[in-house]
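What follows is one structure encoded as structure tokens, with my remarks underneath.
The values are calculated or read from the model by the stated rules, or taken from the named source; none is laboratory data. Not measured: the values here are computed from a predicted model. Glycine also receives a Cβ, built like all others from the backbone with ideal geometry; neighbour counts cover every protein chain displayed. Just so you know, the surface numbers come from the protein's heavy atoms only, side chains and all, with ligands and any DNA or RNA stripped out. Shrake-Rupley method; radii C 1.70, N 1.55, O 1.52, S 1.80 Å.
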Amino acid sequence: MRSPVSIVCCDDYSRAKEAIIEALDLIGGLDRIISSGDRVLLKPNVLAARTADEAVTTHPAIISAMCELVMDIGGIPVVGDCAGITWPGITDEALDVSGIRDAASECGAEVISFEIAGFSEVTVPDAVHFHSLYLSNVPLEADVVISLPKLKTHELTLYTGAVKNMFGVIPLKTRKQAHLLADRDRFGDAVVDIYSVRVPHLAIMDGVVGMEGNGPSHGKPRKVGVVMASYDCVSMDVVASRLIGFEPMSVPTTAAAIRRGFGDLQPEVVGVAISEAKVKFERSTGGIIGRLPPFVVSNLGRFFTIRLYIDLEKCSHCGACVRNCSAHAIEENDGVLQINDDICLLCYCCRELCPHDAVDMKRSLIARSLSFAQRMLARR
């Protein structure tokens, strides 16, 4: 059965809730997927610590509207994500700076950083790259998952939307492995491996103001004036990419998903026609990764390293790090706790939850440089 994709005009975030209600009514409503008492994960794009007007993250008006709508039918909204982390605590910082935490909290919704919520190892059926993965416990334990992407271009996948939004459910180590594939098509397959484990029940696209050019974080805000809804993330991405002038099968994540039986290349569009809402986006120039040969990126990636270690002078041996390590990477040797780099997921859970601030980190020059650049960009 084809899943329709709705497009509704929304010129300003002040009427986001009204537009979302209209978009949902066009496809069948929220009560089709949510029952009273369901724990509902609202998964926005919380890429970086950037303000709402920079169009990097899902707008807080979308978050508050969805929290209210979920609660109206008896669901329990939970807002969570994991930012594009290169230093501990960046997700909490991004939730604050973007306004997403305040928007959710004011509605009475729980806000969770995946960095400290724990990860579980899962098997990926019919995988291309990741036959097993560590995924955040939050989406795994939720009764309903709703993807809330931002309409943006992307340096590696050309366009990023509902499918790529699920990249945030994995820890840093796996993200690095996926990015070091470098090749667009291989990366697309890796993203679909992740998406396939916990396919969202619904996607609501923030297309009021999107980002064109060198997205997902270095592009320019571009007003589109739409909100979109679909029970099928891939079908939504097909329509959204056409809306901004991109051929859907040129988007690696969409092509990989279609090849594996997800979505529909010709979904039914309800509400406003694509031709009426279309806004041609400037494409990304490809970024550094997109312009380098894959083997160069893979080799350079070996020099991007982050290593967590336990400061023995601060460690009280309380065991908090051991109890909260999803990968069981913290080992005791001769009464001393040590972190096994080969097993560590770089989720930073041990560092965030240590009551004595005894978990520290060492970063390579490349990792330090990238972290510095991202911090400066976030503060501009």
**Study point:** In the range 223-246, residue most open to solvent (accessible area, probe 1.4 Å) [restricted to those that are under 15 Å from PRO149 (Cβ atoms) and part of a strand (DSSP E or B)]
**Key:** VAL224
Revision key, fill the gap. Quick count over the range 142-159, residues being in a strand (DSSP E or B) and either more than 15 Å from ILE194 (Cβ to Cβ) or open to solvent by 10 Å² or more (accessible area, probe 1.4 Å) (or both), is 10
Check your understanding: Taking the range 13-50 on its own, how many of its residues are touching a Gly at 6+ places or on another chain (Cβ under 8 Å), small (Gly, Ala, Ser) and part of a helix (DSSP H, G or I)?
Key -> 1
Study note, to complete from the structure: When ALA23 is run through (1) touching a helix residue (DSSP H, G or I) at 6+ places or on another chain (Cβ under 9 Å); (2) open to solvent by less than 10 Å² (accessible area, probe 1.4 Å), the failure sits at (1)
Exercise for review: Tell me which residues, restricted to the range 90-112, are under 16 Å from the mean Cα position of the chain (by Cα), over 14 Å from HIS59 (Cβ atoms) and open to solvent by less than 30 Å² (accessible area, probe 1.4 Å).
Suggested key: ILE90, THR91, ILE112
Check your understanding: Within the bounds of the range 189-212, is there any residue that is surrounded by fewer than 21 Cβ atoms within 10 Å (Cβ to Cβ), on the phi > 0 side of the Ramachandran plot and either over 14 Å from the mean Cα position of the chain (by Cα) or in contact (Cβ under 8 Å) with a residue 40 or more places away in the chain (or both)?
Key -> no
Study note, to complete from the structure: Out of (1) open to solvent by 10 Å² or more (accessible area, probe 1.4 Å); (2) part of a strand (DSSP E or B), the one MET249 does not meet is (2)
Check your understanding: Checking GLU115 against (1) open to solvent by 10 Å² or more (accessible area, probe 1.4 Å); (2) assigned to a helix (DSSP H, G or I); (3) in contact with a Ser or Thr (Cβ under 9 Å, 6 or more places away or on another chain); (4) under 18 Å from TYR348 (Cβ atoms), which test does it fail?
Key -> (1)
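Criterion first (surrounded by 21 or more Cβ atoms within 10 Å (Cβ to Cβ) and assigned to a loop (DSSP other than H, G, I, E, B)) does ALA83 satisfy it? It would help to see each step written out before you state the result.
Values: surrounded by 21 or more Cβ atoms within 10 Å (Cβ to Cβ): yes; assigned to a loop (DSSP other than H, G, I, E, B): yes.
When the stated conditions are applied, ALA83 passes them.
If the requirement is being in a loop (DSSP other than H, G, I, E, B), at pLDDT 60 or above and among the small types (Gly, Ala, Ser), which of these qualifies: SER326, SER369? Talk me through it step by step, then tell me what you get.
Details: SER369 fails: in a loop (DSSP other than H, G, I, E, B).
Among SER326, SER369, only SER326 is in a loop (DSSP other than H, G, I, E, B), at pLDDT 60 or above and among the small types (Gly, Ala, Ser).
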Point to revise | Residue ID - most open to solvent (accessible area, probe 1.4 Å), chosen from residues in the range 33-59 that are out of contact with any strand residue (DSSP E or B) (no Cβ under 9 Å at 6 or more places or on another chain) and of a type outside the set (A, V, I, L, M, F, W, C) | key: SER36
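Out of all the residues in the range 1-20, which are modelled with pLDDT under 95, in contact with a strand residue (DSSP E or B) (Cβ under 7 Å, 6 or more places away or on another chain) and open to solvent by 80 Å² or more (accessible area, probe 1.4 Å)?
Hits for the range 1-20: nothing passes.
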Revision key, fill the gap. Checked pairs for the range 351-362, first among the acidic types (Asp, Glu), second open to solvent by 90 Å² or more (accessible area, probe 1.4 Å), C-beta under 7 Å and 6 or more apart or across chains, list as ASP357/LYS314
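Scan the range 273-281 and give yes if some residue there is modelled with pLDDT of 90 or more, over 27 Å from VAL169 (Cβ atoms) and hydroxyl-bearing (Ser, Thr, Tyr), otherwise no. Steps first, please.
First pass over the range 273-281, keeping only residues modelled with pLDDT of 90 or more: 273-281.
Next cut, over 27 Å from VAL169 (Cβ atoms) only: 273-280.
The next check asks that each one be hydroxyl-bearing (Ser, Thr, Tyr); those that pass are 275.
Looking for residues that are modelled with pLDDT of 90 or more, over 27 Å from VAL169 (Cβ atoms) and hydroxyl-bearing (Ser, Thr, Tyr), one finds at least one in the range 273-281, hence yes.
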Exercise for review: Would you mind stating whether ILE258 is among the hydrophobic types (A, V, I, L, M, F, W, C), modelled with pLDDT of 95 or more, in a helix (DSSP H, G or I) and open to solvent by 10 Å² or more (accessible area, probe 1.4 Å)?
Suggested key: yes
Practice item. May I ask you to list the residues in the range 51-66 that are of a type outside the set (A, V, I, L, M, F, W, C) and more than 16 Å from GLY80 (Cα to Cα)? Key: THR51, ASP53, GLU54
Check your understanding: Does VAL122 count as open to solvent by less than 30 Å² (accessible area, probe 1.4 Å), over 22 Å from MET205 (Cα atoms) and either part of a strand (DSSP E or B) or without any contact (Cβ under 8 Å) to a residue 24 or more places away in the chain (or both)?
Key -> yes
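Given ASP53, ASP92, which one is assigned to a helix (DSSP H, G or I) and in contact (Cβ under 8 Å) with a residue 40 or more places away in the chain? Steps first, please.
On the way: ASP92 fails: in contact (Cβ under 8 Å) with a residue 40 or more places away in the chain.
One residue alone meets the criteria, ASP53.
Quick one: which residue in GLY319, GLY290 is modelled with pLDDT under 95, under 30 Å from PRO355 (Cβ atoms) and open to solvent by 10 Å² or more (accessible area, probe 1.4 Å)?
Just a single option satisfies the conditions, and that option is GLY319.
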